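Asks: Shown below is the structure under consideration.
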Amino acid sequence: MYRFRSAGSFTGRIRLFMLFMGCMALVSCMTYYQRQQRFQSYFQSGNIEQAASVLENDRRAEKRRTRLLYYMDQGVVQHMLGNYRESNDFFEQAYILGEDYRKNIGDEALALLVNPNVTEYKGEPFELLMIHYYKAMNFVQLGDLDAALVECRRLNIALNALSDRYQSENKYRRDAFIHNLMGIIYDAAGDYNNAFIAYRNALQIYEEDYTRLFGVEAPRQLKYDLLRAAYRTGFHDQVRFFEERFGIEYEHRNTAGQGDLVFFWQNGLGPFKDELNLMFSLVRGAGGAMYFVNEDHGMSFPVHSTSRPSGNLGDLRVIRVALPRYVERPPVYSSARISAGGRSSALFLAQDLNAVAFQALEDRMLREMGNALLRLAVRQAAEQGIRREDETAGAIFGILGAIAEQADTRNWQTLPHSVHYTRLVLPEGEQDLSLELLLPGGNTARTLSLHSVIREGHTTFLNFHTPGTRR
């Protein structure tokens, strides 16, 4: 029977570390989605008050390495409950955390021995952009367009940083929906020049990136808004140019006694991250070169001398690599129509967050693979070093390391699957709205009654989330 020696001895320190790894291994048995199952169940069923209660009763949420996700989930549920100021308080904390994120060298080193879940979750680029979407929606509901415009400026900075970060045309590097949103808010504030620029940027990204990467074409509503913004700015040559390009004849109408309703529909829930396990063999080549090989998938990754850990990698034959993968949650409804005041409009797909998430992960999958293989190489080298001091301790370290091996399955799981929108010009005053939700076959599944107040010459915003999925 082994007894712990002084913590100052090598073996004593190793055993303390193995105790830590054992605890991490037990915690790591479940994915983030599984650990959030109770909250997810309430949220997906539309029981938002109970979902909010689960978050509020989690006393340790702000101390975990997933506090960014906690703030974003709180922001969403408070938004859906109509608590717009509280929602923005949480989203502002999420924004600050995302902006202030700095890599912790100690955490990064520990991740090489355990798994990436020991590091602070920093958020996907598209997740951080969606913080501003919700904040802008909160501000317009509070009647504060100036604050919403501040979010537009923050968005512009974030979009420029995203574009600078990824140069390849085959990667998610520009966000058409966010540019479109900026245009809509500038439009509502009467800044038609900036609205026109944002609409034109959105159109370009839809045509050059979104159609090819995500199968999302420029919404017809965007084309109407672009023509109207060009007309109101006095860019009549641009009106004629885009009329010919779109095959649309723009007619400027008298809107006296009327106002605009911009309606956003957040449909379903975006994907959650699960774990994909691949088996690799460590093969030695000529001159001491080493390769991780998966013959089933035709994969071969060299263990470069610059990243190869010191020490003997042992006689390892087969290793398990855990990688993140997204799992889609198909929404119950495929499309919708909204009607009010005798007028009706289809809702146009503006953002497919499900497709964006899959693309964003694909863009960095080689890096994920390299990190996972480096993690296993470092762990194996550490195991061989421990074995030289204590064979039993080394064996236990290897077993715990194999159990602790896990992909980073954290992601923002209250985001919608997709966002649709439209614009209606309605008479001022109270308006009863009818939202018709359609199944994939085109049949009506549900018709919901909503309410809004329209002001002459103003834009009223309304957004609605149907979180149900078919999974």
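Asks: Among what's in the range 408-450 and is buried (at least 18 other Cβ atoms within 10 Å of the Cβ) and hydroxyl-bearing (Ser, Thr, Tyr), pick the residue that is nearest to residue 372 (Cα to Cα).
Replies: 409
Asks: So, in the range 256-284, exactly how many residues are at pLDDT below 95, small (Gly, Ala, Ser) and within 30 Å of residue 331 (Cα to Cα)?
Replies: Residues that pass the stated criteria total 0.
Asks: Let me ask something additional. If you go through the range 245-293, how many residues are among the basic types (Lys, Arg), within 30 Å of residue 418 (Cβ to Cβ) and in a strand (DSSP E or B)?
Replies: Looking only at that region, the number is 1.
Asks: Continuing with the same structure: Which pairs turn up if I take residues in the range 29-43 that are exposed (fewer than 13 other Cβ atoms within 10 Å of the Cβ) and of a type outside the set (A, V, I, L, M) and look for partners that are at pLDDT 95 or above and part of a helix (DSSP H, G or I) with beta carbon separation below 6 Å, at least 6 apart in sequence or on another chain?
Replies: Correct list of pairs: 38/54.
Asks: Within the range 1-98, considering only helices (runs of 4 or more DSSP H) that don't extend past its boundaries, which have at least 2 residues that are modelled with pLDDT of 95 or more and not small (Gly, Ala, Ser)?
Replies: The qualifying helices (runs of 4 or more DSSP H) are 37-44, 48-56, 67-80.
Asks: A further question follows. Taking the condition of being of a type in the set (Asp, Glu), in contact with a helix residue (DSSP H, G or I) (Cβ under 8 Å, 6 or more places away or on another chain) and in a loop (DSSP other than H, G, I, E, B), how many residues in the range 120-178 meet it?
Replies: 4
Asks: Still on this structure: Which residues, taken from the range 366-386, are under 18 Å from residue 293 (Cα atoms) and among the acidic types (Asp, Glu)?
Replies: 368
The values are calculated or read from the model by the stated rules, or taken from the named source; none is laboratory data. All values derive from a computational prediction rather than experimental measurement. Quick reminder, even Gly has a Cβ in these numbers, built from the backbone with ideal geometry, and neighbours come from all protein chains shown.
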